[in-house]
Amino acid sequence: MGDVCQNSCERQFGTPARFPRAYSIIDQRVILTPLAPCEIIEINDLMELRVAGNLHVRNLDDDLIARLKRRAARHGRSTEAEHREILRQALAGDVEPSFDTLAAELRKLTRRRKQTPSEVLLREGREER
């Protein structure tokens, strides 16, 4: 991760001493190196790509399991692969709601609640400093 990332993160988040540290083992010694927040995000993104999720479905009817096994055999797949394909097909048509839609729903849910204007919150925050 380059110097540009490190420098921008230091400006945004503070000195490297405040960053979490990564552990490296070199020649049987543990080396601590600071990680910038943007590096942590990149590492987390990489880890998400490498680790496949698991899903355990409990309390299935025996008849349903038998039908799944027969369907998998017809398609020349394992039961697990057939299960993945069924989920993939079922969720393919789902459209994730946009931010605007979610924000509108949140406004609707909180419509009757007392709201503090943001300028008041900002002013209070500045006065506390």
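Every number in this text was worked out from the coordinates using simple rules, so none of it is lab data. Please read these numbers as outputs of a predicted model, since none were measured by experiment. When we count neighbours, we look across all protein chains shown, and the Cβ atoms used for this are built from the backbone with ideal geometry, even at glycine.
General observations
- Charge sum, other residues only, whose C-beta stays under 12 Å from residue 72's C-beta, Lys/Arg counted +1 and Asp/Glu -1: +4
- Hull shadow area, averaged, segment 45-129 [alpha-carbon convex hull, nm²]: 11.9
- The length gained on full extension between residue 77 and residue 114, counted as 0.36 nm times the residue separation minus their Cα-Cα distance, comes to 7.7 nm.
- From phi via Karplus (6.51, -1.76, 1.60), per-residue ³J(HN,Hα) for segment 83-98 in Hz, x at Gly/Pro: 4, 4, 5, 4, 4, 4, 5, 5, 9, 4, x, 5, 10, 5, x, 6
- Residues residue 128 and residue 104, FRET efficiency given R0 of 30 Å [Cβ-Cβ distance, rounded to 0.05]: 0.40
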